[in-house]
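A short worksheet on the structure shown next.
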């Protein structure tokens, strides 16, 4: 997605902040909520106090999960297509709200400020920054932050970018996208929560994943059945040969997926009910 398209898909900053404010105030007690609202007001006029606000969020608000209803999730998606706050904690939601207020106060300085904060952030702070990528107007200027996230060896940080986040689908080039999908398999992360997995399937990714699968087979190690979801649109030639190998040697789930990819009801050469007794 072009940056201009990204900005057009965002609700106004005040609406994005208002939804987060509602969730934080619902999850926090009166005194913590008062601190949160006062801090948010200060950030609207003084972006320089952002680091302190980010650092105090968990101490002042706690780390409980947000209590989100189906209606909350629907409102989130309406506010920003693809935004999925599932799993956010109250301190993370507050940090995203603080960042949005800071961005509104100083849009030009926001990308550098956020990158600097991320380099010294603790785990929950980093997750908040990366989960917030979907809500920030800076768009493509935050690609370095997203790239740092997917390079991380810390799985929750990687998944803060890769999972339930529309940013990679919209902003990553093909090489970065393919690298993210492959790394997910390397670190044992699921592919299903990656938004845009089917629409961004490509021939280069299919080849990379097949090379990965062959390396796993050569080492006597299993291959995630999810891998074949990215290969399915390109199932021809030697890819079909690899799928037949899965049918012959793979586990039950791998064989089921391979049959789906091949569009067959049974493995080649297997006898079906109509063949019984021949």
Q: Determine whether segment 219-226 contains at least one residue that is part of a helix (DSSP H, G or I), at pLDDT 70 or above, surrounded by 14 or more Cβ atoms within 10 Å (Cβ to Cβ) and not assigned by TED's automatic domain parsing to the domain that holds residue 156.
A: no
**Q.** Evaluation of residue 47 against (1) modelled with pLDDT under 95; (2) within 19 Å of residue 166 (Cα to Cα) (one fails), failing number
**A.** (2)
Q) Can you pull out the helices (runs of 4 or more DSSP H) entirely within segment 70-131 that have at least 3 residues that are in contact (Cβ under 8 Å) with a residue 60 or more places away in the chain, over 21 Å from residue 60 (Cα atoms) and in the same structural domain as residue 165 (by TED's automatic domain parsing)? A) 90-105
Q: Can you confirm whether segment 45-56 contains a residue that is exposed (fewer than 14 other Cβ atoms within 10 Å of the Cβ), in a helix (DSSP H, G or I) and touching a residue at least 60 places away in the same chain (Cβ under 8 Å)?
A: yes
**Q.** Qualifying residue in segment 202-217 (condition: in a loop (DSSP other than H, G, I, E, B), loosely packed, with under 14 Cβ neighbours inside 10 Å and outside the structural domain of residue 77 (by TED's automatic domain parsing))
**A.** no
Q) Name the residues in segment 165-198 that are in a loop (DSSP other than H, G, I, E, B), assigned by TED's automatic domain parsing to the domain that holds residue 80 and surrounded by fewer than 19 Cβ atoms within 10 Å (Cβ to Cβ), would you? A) 173
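The values are calculated or read from the model by the stated rules, or taken from the named source; none is laboratory data. Note that the coordinates shown come from a computational prediction; the quantities given were computed from them, not determined experimentally. Virtual Cβ from ideal backbone geometry, glycine too; neighbours counted across all protein chains shown.
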